[in-house]
Amino acid sequence: MEDRTFDDGKIESIEEFQSPEKLYGDLIERVRRYHPSDDISMIEKAYNIAHEAHKDQLRRSGEPYIIHPLCVAIILADLELDKETIEAGLLHDVVEDTILTKEEIEESFGADVALLVDGVTKLQNLQLPADYKDKTAEQLEMQAENLRKMFLAMAKDIRVILIKLADRLHNMRTLEHMPPVKQHRIAQETLDIYSPIAGRLGISKIKVELDDLSLKYLKPDVYEDLKEKVAQKKGEREAYVEEIAESVRLAIARAEIEGDVNGRVKHFFSIYKKMRNQGKTLDQIYDLFAVRIIVKSVKDCYAALGVIHEMYKPIPGRFKDYIAMPKANMYQSLHTTLIGPKGIPFEIQIRTYEMHRAAEYGIAAHWKYKEASDGKKVENQEEEKLVWLRQILEWQRDMSDNQQFMNLLKSDLNLFSEDVYCFTPQGDVKNLPKGSTPIDFAYAIHSAIGNKMIGAKVNGKLVPIEYEIRNGDRVEILTSQNSRGPSRDWLSIAKSTSTKNKINQWFRVQLKEENILRGKELINDFCKAKNIDFSQIGKAEYVDIIVRKYGFHDWDAVLAAIGHGGLKEGGVVNKLVELYEKDHKKNLTDEEVLAAANESNVPVQISNTGNAIVVKGIHDVAVRFSRCCNPVPGDDIIGFVTRGRGVSIHRKDCINVQTMITEDRSRLIEARWETDGAVSGEKYTADIKIFANDRQGLLADVSRILTENNISIISLNTRTSKQGLATMETSFQVSSREELKNVTEKLRQIDSVIDIERSTG
């Protein structure tokens, strides 16, 4: 494998608007730098298929679309990933944007590549609004559900996330071609979601660039001002860093330690955070740069540290040993801050070459699919998946509340807090969120330990359970088999959201029987107060519908939810009453039905020539269009002979026709439109339902499309669920099924629209 230059620059970039052929050559050159196999036939095949699939597409910049997947593949090659990942990077947009299918990809490239492309395709539409932190709890639930999907994809194959990060990085590099509103939304989403994920996976090369590009579009004035001010004293700072680096080189050489010494200036986002957090100007921040020493062994790391501390005075409390206690993302290094020759603080990082590779490429370096020179795969048994990934999957299984999952991500993606390191009595290192208590420690070991906890010792002394664990503490949890379990007070003491979830889980399981009895009492009391006979509405067929509606396994689970306050008994009972009344409608006389029909419908008289509808065997009869399904010219229709009211015309897919009892089916009669096209001058009512992710301006966009197509709107009603799903029911007039189809297709193109269906009764 060819040695790489170690620096803090972004992943090797490419010039804009290069030809696809030149970029492809660049990609192959990079793959051959590290890959032992010379066979690039499948990569070439992926490129040719992607090139053909995207041949008629352009990016917003005006360049051929194939440039984007090529650049994504180049980023993946810079991370030295296997050929299947490179192939999937080239093909990652073909299923979403072209006519190619997952099955065709699997046939040509195998199940591995198809799985990766499919995984990335499923993540393509995950978009969080820039102001998601200010959203309501209900809206956050929907966004948290999207994050669940992202991590499920990660669980299937981590390479899906690596491809998605490469895709996001190239999109951020070319974000100037997007309108300002999208620039801000995508940048905020990148800073809040993708950059922390890159950080947790340890890929600093991607994280650093995503951070800086996000700052560029979220705070362009700050970014440009910072860029200009840093550039003003660039020469002076570089000279100072090089002076220190040269002194360090000579010192470690005299100590007979082999290694490389490089200086670097901190990236813009890091400088901005320090200025914001400390309330300082750029001139007041001196440690804008760091010196990095890269050596061959761990022994040399500590030897180099001793040499450095002899040369410069260390600042107390600013030494961190991430070699002995690695970060959760496997990052290892020694960090020490020192006073330089001019009294200016600077940081030194000391690590081995392997540690540096892990710091730069993260999981891409540690969790790779190795391949021998003959092209056969070999698994490195020593490489383990990140503990963090296993925790995410465990939390997903245990957690039913999406809001809790969102809170967990905020804390455990380390967006807003630092970790604290402590020890078990056996000396194992545990890292917990800052501010954690012995309760968090106990549940971090095992749920059973937390549930049986009766106290704790820290450094050999008894402490209250509210004690805030500090770095280096040795924590011992005291348990008892006679413990009655956790207290609800613990929920306000615990720091970690995962701990709170486990405590809540215990209460849900342990108190289920009590909650079921409480739920029954609440339902009985409500029915008694409303004079409702539960024996009638509580039949199995209605109860089963309620169970499915609320997503529970059985009726006892519904009762338990009512018992602990998760559901309101009134809502459940009212729904049961509604279902019962639907099956027990009051019987009306023919005269009453006829009177009601005459008030709400205008009969259409037709004869046997020149008419819109032909009814088999019937002439000069009153025909009306059923309002339950509102047929329009072009629909498959059927007639129903009513008692004393002529023929009612339904669509064949009308729910009332599909569920009609055998006795009434004998009154169905064939009917058809005289022409499938529009009838001159005639307008017909059509009803549709639009399902969409709720957002500001959605209603206006729907109204605009209808108005632009000269559609006369009769009614338009909308409602939004707790999960942020908007359902619009609208009635309007069209002349034919073809016109309805054209309008529906245009509505489908509106941003946030998920699906559209026509009312069937």
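For every residue, the table says whether it meets (1) at pLDDT below 70; (2) of a type outside the set (Val, Ile, Thr); (3) surrounded by fewer than 13 Cβ atoms within 10 Å (Cβ to Cβ); (4) not assigned by TED's automatic domain parsing to the domain that holds ALA251.
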| site | (1), (2), (3), (4) |
| --- | --- |
| ILE285 | yes, no, no, no |
| ILE294 | no, no, no, no |
| PRO314 | no, yes, no, no |
| LYS320 | no, yes, no, no |
| ILE323 | no, no, no, no |
| PRO326 | no, yes, no, no |
| HIS335 | no, yes, no, no |
| MET355 | no, yes, no, no |
| SER373 | yes, yes, yes, yes |
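In the set LYS520, LYS500, LYS528, only one residue is of a type outside the set (S, T, N, Q), part of a helix (DSSP H, G or I) and touching a residue at least 60 places away in the same chain (Cβ under 8 Å); that residue is LYS500.
Determine whether segment 677-688 contains at least one residue that is among the β-branched types (Val, Ile, Thr), farther than 19 Å from PHE625 by Cβ, not in a loop (DSSP other than H, G, I, E, B) and not assigned by TED's automatic domain parsing to the domain that holds ASP636. No, segment 677-688 contains no residue that is among the β-branched types (Val, Ile, Thr), farther than 19 Å from PHE625 by Cβ, not in a loop (DSSP other than H, G, I, E, B) and not assigned by TED's automatic domain parsing to the domain that holds ASP636. Restricting segment 49-75 to residues that are under 15 Å from ASP93 (Cβ atoms) and without any contact (Cβ under 8 Å) to a residue 24 or more places away in the chain leaves a set whose member that is surrounded by the most Cβ atoms within 10 Å (Cβ to Cβ) is GLU52. Residue count for segment 677-704, restricted to those that are modelled with pLDDT under 80 and out of contact with any Ser or Thr (no Cβ under 8 Å at 6 or more places or on another chain): 2. Of all the listed residues (ILE186, ILE206, ILE271), the sole one being within 24 Å of PHE289 (Cβ to Cβ) and modelled with pLDDT of 80 or more is ILE206.
Within segment 717-734, can one find any residue that is out of contact with any Ser or Thr (no Cβ under 9 Å at 6 or more places or on another chain), modelled with pLDDT of 85 or more and acidic (Asp, Glu)? Checked against the condition, which is being out of contact with any Ser or Thr (no Cβ under 9 Å at 6 or more places or on another chain), modelled with pLDDT of 85 or more and acidic (Asp, Glu), segment 717-734 yields no hits at all. Against the definition (within 13 Å of THR497 (Cα to Cα), surrounded by 14 or more Cβ atoms within 10 Å (Cβ to Cβ), modelled with pLDDT of 90 or more and among the hydroxyl-bearing types (Ser, Thr, Tyr)), how does TYR443 come out, yes or no? Judged against the criteria, TYR443 is a match.
Residue count for segment 463-483 satisfying the condition of being within 16 Å of ALA444 (Cα to Cα) and assigned to a strand (DSSP E or B): 6. Kindly evaluate ILE244 against the criterion of being in contact with a strand residue (DSSP E or B) (Cβ under 7 Å, 6 or more places away or on another chain) and either within 19 Å of LYS273 (Cβ to Cβ) or crowded, with 19+ Cβ neighbours inside 10 Å (or both). The answer is yes for ILE244. Taking the listed residues PRO64, PRO69, the one that is of a type outside the set (Asp, Glu), modelled with pLDDT of 90 or more, under 27 Å from ASP212 (Cα atoms) and touching a His at 6+ places or on another chain (Cβ under 9 Å) is PRO69, with no other qualifying.
The values are calculated or read from the model by the stated rules, or taken from the named source; none is laboratory data. In this text the structure is predicted, and so the values were computed from the model without any measurement. Cβ coordinates were reconstructed from backbone atoms using ideal geometry, including for glycine residues, and neighbour counts include every protein chain displayed.
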